[in-house]
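The values are calculated or read from the model by the stated rules, or taken from the named source; none is laboratory data. Since the structure is predicted, the reported quantities are computational estimates derived from the model, not experimental observations. Note that we place each Cβ from the backbone using ideal geometry, even for glycine, and neighbour counts take in every protein chain shown.
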Amino acid sequence: MLKIKDLQVSYGPVRALHGVSLEVPAGKLVCVIGSNGAGKTTLLRTISGLLKPTSGSVRLGERELVGEKPHLITRAGVAHCPEGRRVFPDLSVTDNLVLGAFTRLKQIGQVEMHKGMENIFALFPRLQERREQLAGTLSGGEQQMLAVGRALMSRPEVLLLDEPSMGLAPIIIDEVFKRLAELRARGITMLLVEQLAFRALEVADYGYVIEHGKIEIEGTAESLRNDPRVKAAYLGQAAA
Amino acid sequence: MSAFIQLVFSGVALGMIYALIAFGYNITFSTSRTLNFSQGDFLMLGAFTALSIIGSKQSAIPIWLLGLLAAAALGAVLAVVLLEVAIRPALKTGSDVSWILATLALGIIAKNAAERIWGTDEYPMGSPFGRGYWNIGGVSIDPKEVLVVAAAAGVMIAFEVFRRKSLFGKAVTAVASDKDAASLMGINVPVVIMFSFIVSCAIAAMGGVLIGPIQIVSSTMGALLGTKAYAVSVIGGLNSGLGVIAGGLILGLSEQLTARYISTGYKDTPGFVLLILILLFRPNGLFGKATIKKV
């Protein structure tokens, strides 16, 4: 479904990604784990067109996405829930969700869009309670739910999630990962990027470990959970 | 007493013109963090364009509306030129000085072009109302000033309603608060920015048609108006939405009252003193919002 091949990205003279290749099959939740500065956010920003790679390819089905403008990549079916949530603070919860459906609203019309919104509210009841509130007044956890809901409003073929746990209290993080597991059960294709390696591997089907802009280890989530190198690096356990 | 009320009303009319131009500054500043420092000259070109249609005498309403529309159309065309010739190339240099100078330069070109075409003379401009005044309870009110207040308020309210209610309007707000996030929604950000410039410049050009009949049309009419409207933007707050109305009224009234009770020579002083004070003590403006970011 989403196929990334040999992606190289530089910030000026600094190389951030050194030929990353990975695949997100339809209906699967794939995670990329790695520490701060490993290149996780760079990877997602390149997929969604906010950054231009120096070489490599990103394919959604048969379509090459490299070189496309970000709004067209969204239109093609990639929704990106960015790091730090980035909800629109001056707009209401409802308006944030409406903008999530921006690419589809003309085709589907108001009625269908509101059905989509009811689905989001079913998934995140807190958002329904606060539907008229400005997004800037929500708590961090609620903003994260809104950011995920907003991305889902476009009915994406692939949902990119950039550190949904960032800056949240542990109890809220539990809630967020519970929702991700629900989305996975609904068959939504997701590429999740996380520092919380253990939590990500619990919900994912498959995982990649990225370090210094390179994929170092990959495997099923289960095999990575038991990989001594992963344990040593991310789970705070000494390598056997 | 009635003289005082007339004075206040003139101040309000003047203030609404400032507010209208300032509103245009705010629209492009919110979406692009740039604004057009030749907005006053665009206003002047709008006034001259309309003048050639409306003429210098009282005109029929359809003719006047045609002049207003022509000015708006010219403003829209100028906006495209401004953005593609001056602002977008200047932004590539990465320096704020570039776009400021580029828009100022475009203003000088506009003024020189106007002098080539229409000369340096001053022209009176017609409107749907003649020279007469309305007498309302012993106070004589200039209907042209009523028109200014109604039209300026109408344009600003219409844009605010559009921005809050329509999908494209919400997209404008989204671009104003976060361009990357907006593009991730599938919003074509450069198109939204272009749209904001078209609205802004069309508003300025229409402002020329409103103020022409009250003041006088000349190639230099825009310079001071543009500068004062910029002061109003800063006083109200560059991201304050309708805060410019308060800013405009403060400036318009203080000018009229200073001219009447102190000296016409000092009429422009309070506005600029206020600008300096606001910049020193409230750089976000009276109604500007400090943005909250949750991490």
For this session: From the list A:Q110, A:Q195, A:Q144, pick out the single residue that is over 19 Å from B:T173 (Cα atoms), among the polar types (S, T, N, Q) and touching a Phe, Trp or Tyr at 6+ places or on another chain (Cβ under 9 Å).
Result: A:Q195
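Here's the yes/no breakdown for (1) buried (at least 22 other Cβ atoms within 10 Å of the Cβ); (2) among the charged types (D, E, K, R); (3) in contact with a Lys or Arg (Cβ under 7 Å, 6 or more places away or on another chain); (4) under 21 Å from B:Y25 (Cβ atoms):
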{"site": "B:S219", "(1), (2), (3), (4)": "yes, no, yes, no"}
{"site": "B:A229", "(1), (2), (3), (4)": "yes, no, no, yes"}
{"site": "B:G247", "(1), (2), (3), (4)": "yes, no, no, yes"}
{"site": "B:E255", "(1), (2), (3), (4)": "yes, yes, yes, yes"}
{"site": "B:T258", "(1), (2), (3), (4)": "no, no, yes, no"}
{"site": "B:K267", "(1), (2), (3), (4)": "no, yes, no, no"}
{"site": "B:F272", "(1), (2), (3), (4)": "no, no, no, yes"}
{"site": "B:N284", "(1), (2), (3), (4)": "no, no, no, yes"}
For this session: Name the residue, out of B:V244, B:V217, B:V234, that is β-branched (V, I, T) and either over 30 Å from B:Y123 (Cβ atoms) or within 14 Å of another protein chain (Cβ to nearest Cβ) (or both).
Result: B:V234
Exercise. Among the residues of the stretch A:173-182, is any of a type in the set (V, I, T), touching a Lys or Arg at 6+ places or on another chain (Cβ under 8 Å), more than 12 Å from chain B (Cβ to nearest Cβ) and under 23 Å from A:G77 (Cα atoms)?
Worked result: no
Seminar exercise, completed: The one condition B:G226 fails out of (1) more than 27 Å from B:N284 (Cβ to Cβ); (2) away from chain A (no Cβ under 14 Å) is (1)
Exercise. When the stretch A:61-78 is examined, which residues are found to be aliphatic (A, V, I, L, M) and within 14 Å of chain B (Cβ to nearest Cβ)?
Worked result: A:L65, A:L72, A:I73, A:A76, A:V78
For this session: Would you point out the residue of the stretch B:235-245, among those that are in a helix (DSSP H, G or I) and either modelled with pLDDT of 90 or more or of a type in the set (S, T, N, Q) (or both), that is surrounded by the fewest Cβ atoms within 10 Å (Cβ to Cβ)?
Result: B:I245
For this session: Please indicate, with yes or no, whether at least one residue in the stretch A:143-154 is over 29 Å from A:P25 (Cβ atoms) and more than 9 Å from every other protein chain (Cβ to nearest Cβ).
Result: no
Exercise. If you take the residues of the stretch B:132-183 that are assigned to a loop (DSSP other than H, G, I, E, B) and more than 14 Å from chain A (Cβ to nearest Cβ), which of them is surrounded by the most Cβ atoms within 10 Å (Cβ to Cβ)?
Worked result: B:D142
Exercise. Of these, B:A205, B:A223, which one is assigned to a helix (DSSP H, G or I), in contact with a helix residue (DSSP H, G or I) (Cβ under 7 Å, 6 or more places away or on another chain) and surrounded by fewer than 20 Cβ atoms within 10 Å (Cβ to Cβ)?
Worked result: B:A223
Seminar exercise, completed: Taking the stretch A:79-127 and keeping residues within 9 Å of chain B (Cβ to nearest Cβ), in a loop (DSSP other than H, G, I, E, B) and closer than 21 Å to A:A181 by Cβ leaves A:R85
For this session: Output the residue which, of all residues in the stretch A:1-28 that are assigned to a strand (DSSP E or B) and of a type in the set (D, E, K, R), is surrounded by the fewest Cβ atoms within 10 Å (Cβ to Cβ).
Result: A:D6
Problem set entry | Residue among B:G208, B:G186, B:G138, B:G130 that is among the small types (G, A, S), in contact with a Ser or Thr (Cβ under 9 Å, 6 or more places away or on another chain) and at pLDDT below 95 | B:G138
